[in-house]
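The values are calculated or read from the model by the stated rules, or taken from the named source; none is laboratory data. The shown structure was predicted, so the numbers you read here are calculated from the model rather than taken from an experiment. Because the Cβ atoms are built from the backbone with ideal geometry, glycine has one as well, and the counts that use them run over all protein chains shown.
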Amino acid sequence: MQTNTVLLIILATIVALGLVLFQYYYKTKKRGKLYIFLSFLRFLGLFGIFLLLINPKFSKNEYSLEKARLLLLTDNSSSVASSEGAISKVLKTFSENEALNKNFNISSYSFGSTLSESDTLSFEKKNTNIASALASLNEIYNSSNIALIVLTDGNQTIGQDFAFYGNQVKFPIYPIAVGDTTQYEDVLIENINSNRYAFLKNKFPLEIDVTYVGTSEVNTTLQINMNGKNVYRENLKLTNNNNVKTINALLNASSVGVKTIDVSLTNIHNERNTKNNKKNIAIEVIDEKTNITIISDLKHPDIGALKKSIESNEQRSVSIQRSNVSLKDLEDVDVFLLYQPNSSFRNIYKYIQQKKVSVFTITGTNTDWGEINKSDRKYRIVDEYPTQEIFGTLNPSFTKFDISDFNLNDFPPLESNVGEVTIDNGETLLDMQILGKLQNRPLLFATDNENGKELVLFGENIWKWRMQSFRNNQNFENFDGFIGKLILYLSSSNSKNRLDVDFQTIYEGSNDAKIKAAYFDEAFIFDTNASLMLKLSSNDPAIKRDIPMLLRNGYYEADLSDLPPAAYNFKVTVAEENRSKSGNFRILDFDVEQQFTTTNLKKLTQLANTTNGSVYYPDTSGDLVSKLLTENQFKPTQKSTKNIVSLIDFRILLALIVAALATEWFIRKYNGLT
């Protein structure tokens, strides 16, 4: 207790005693045991009040010995499986060392793609994310009195580059480099870039990055096989200065289905790691040809130009029909192009409205405007305007799809006799310009309503635009690309399905193999109470599973990470509902961890240097033990805790004050004292 507190208590005693003597004995001749008892009660009450105001406290120091913390972080991926014996020996050295256990609190962790608080090692993880493990430990431990030992080969397959993460860590890191640190000559396929899908009878690209590690000049051959058949070969020469090559290959998609593509490099002399000389991917070839029918009773060069432009994409097929075509011949049509419709198009309009098929209407000087107005197309046109030359101007506010790369420079005018246009729900793509003045009327607009999608162009002689596009660029790409976007907009479906399934046709290894699904009720609101089941089968009769799909954040999911590489068929069903979706996928036999056979000593050294640590090896781990025991930074520190405790319990003191004063008052009243 502090001196000033003691003095205040003495002063409180004197003041309380003085007040009692003044109140009970000053200028009074009354004495006796009653007055002595009453003065004692008054003294207790006053002294208690003063003690409450002073609130005396005393402090107590408690001392404890705080150890430094030693974190053991072990790579649990398959790339270090060959070093299992060395890793176990190192971990035993640290965990069983008495001096270390006396000076450190030791915690063990392992990691693959994520951090795990466990010292049980299987060396079967298919991915390594060193940066993620470091970030997790940095969040858990926010102290400088920590040493982190990382046992790894430094080969990371996912995540940010761990070599640059050291700047964010507040404690030293001591990597123990396991594996073979000798650098051998090696050629490897670093990466393959490709699309997931290719269209039938089109060419699809592959971009392959080949890297050479070594100091001499080597020759190798790149070979690409599709479904076991060689489709590409190229000889490569690589040197120390020219050690990276990117090969761009165009392959033919000649048939529909999933194509397994094997890319390989021939081995170079004395090459130790040949596993990274091969990589395989898969691409699905699909036939999604869009059928477009042009209906016209006129012979006009616009029709030929449009057919050529649309069919510049091999996934689109164009047929030309007259308005009296049998409706049975239109069953497979995806998009209608109506050129200058007239009164004989009435049945065509009724059929389109019934089927809700997308339409591209092109009008001109021979168009029957009255027939269009009768067809209930959600727009009305004033006819019998004089024929005019109309130029087009892009509307920069158009939002349905990107048209910014379409160039109208020097394009000739179209001809039209269209008047005022009233649109219920549409968006202008091209504005009209007549005699150099911008009109408040659309030349080309898009609309999307319950009848389906429709594009309307008010002008003929669009063939001149295609010719001008060739004059400007020596090719038709500008115009054909624009028409292609129009057709793509019309052919894309916006219809909703109550059961949607999201999956990849190809999975590189089973780690990321997941199938997701969304199920909606009749109001198309996501149903969180549905019961979805995934029925899985394979060519192997032993693999047949029923997997319940678990509810996640806004979707259902089935985890397939335990499946072996193979081709699978699946069906997603909804319990108590007659709804299902089927599909197939393939899991490739690919382990990215097996692409590494040597330790990435350069990055481990960079990580250690940025955290004031050092790189060690399994056979020098004893030196690291000695360093940890001798470094002053990791010595146990004495920690003092100062506890301040109140001398009195205010509740007991308050009760005593009330009791003393109440008793005094009652006795005084009982004896008739004022």
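Name the one entry in L588, L563, L551 that is under 29 Å from the mean Cα position of the chain (by Cα), free of Cβ contacts under 8 Å to residues at least 24 places away in the same chain and surrounded by fewer than 19 Cβ atoms within 10 Å (Cβ to Cβ).
L551
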Practice item. Mind listing whichever residues of the stretch 619-664 are hydrophobic (A, V, I, L, M, F, W, C) and exposed (fewer than 15 other Cβ atoms within 10 Å of the Cβ)? Key: I644, V645, L647, F650, I652, L654, A655, V658, A659, A662
Exercise for review: Pick out the one residue from N273, N219, N241 that is farther than 13 Å from I192 by Cβ, free of Cβ contacts under 8 Å to residues at least 12 places away in the same chain and either assigned to a loop (DSSP other than H, G, I, E, B) or in contact with a strand residue (DSSP E or B) (Cβ under 9 Å, 6 or more places away or on another chain) (or both).
Suggested key: N241
Exercise for review: May I ask you to list the residues in the stretch 359-377 that are in contact with a strand residue (DSSP E or B) (Cβ under 9 Å, 6 or more places away or on another chain) and either closer than 22 Å to T293 by Cβ or assigned to a strand (DSSP E or B) (or both)?
Suggested key: V359, F360, T361, I362, T363, G364, N366, T367, I372, R377
Exercise for review: Inspect all residues belonging to the stretch 458-472 and state whether any of them is in contact with a helix residue (DSSP H, G or I) (Cβ under 7 Å, 6 or more places away or on another chain), in a loop (DSSP other than H, G, I, E, B) and crowded, with 20+ Cβ neighbours inside 10 Å.
Suggested key: yes
Practice item. Being within 20 Å of S77 (Cα to Cα) and of a type outside the set (A, V, I, L, M) narrows it down to one of K516, K535, K602, so name that one. Key: K602
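Residues checked against (1) crowded, with 20+ Cβ neighbours inside 10 Å; (2) in the same structural domain as S626 (by TED's automatic domain parsing); (3) in contact (Cβ under 8 Å) with a residue 60 or more places away in the chain:
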site: N61; (1), (2), (3): no, no, yes
site: L70; (1), (2), (3): yes, yes, yes
site: V80; (1), (2), (3): yes, yes, yes
site: S83; (1), (2), (3): yes, yes, yes
site: V90; (1), (2), (3): yes, yes, yes
site: N101; (1), (2), (3): no, yes, no
site: F104; (1), (2), (3): yes, yes, yes
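Which residue out of N195, N270, N202 is at pLDDT below 85 and touching a Pro at 6+ places or on another chain (Cβ under 8 Å)?
Within the list N195, N270, N202, the selection yields N195.
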**Study point:** Matching helices (runs of 4 or more DSSP H) fully within the stretch 1-107 where at least 2 residues are under 52 Å from the mean Cα position of the chain (by Cα) and over 22 Å from L654 (Cα atoms)
**Key:** 84-95, 98-103
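For A662, indicate whether it is more than 30 Å from T182 (Cβ to Cβ), at pLDDT 80 or above and assigned to a helix (DSSP H, G or I).
So A662 fits the description; yes.
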Revision key, fill the gap. Taking the stretch 299-321 and keeping only residues that are surrounded by fewer than 17 Cβ atoms within 10 Å (Cβ to Cβ), at pLDDT below 90 and not in a loop (DSSP other than H, G, I, E, B), one is left with S317
Exercise for review: State all residues of the stretch 37-52 that are among the aliphatic types (A, V, I, L, M) and in contact (Cβ under 8 Å) with a residue 40 or more places away in the chain; if no residue qualifies, say none.
Suggested key: L38, L41, L44, I49, L51, L52
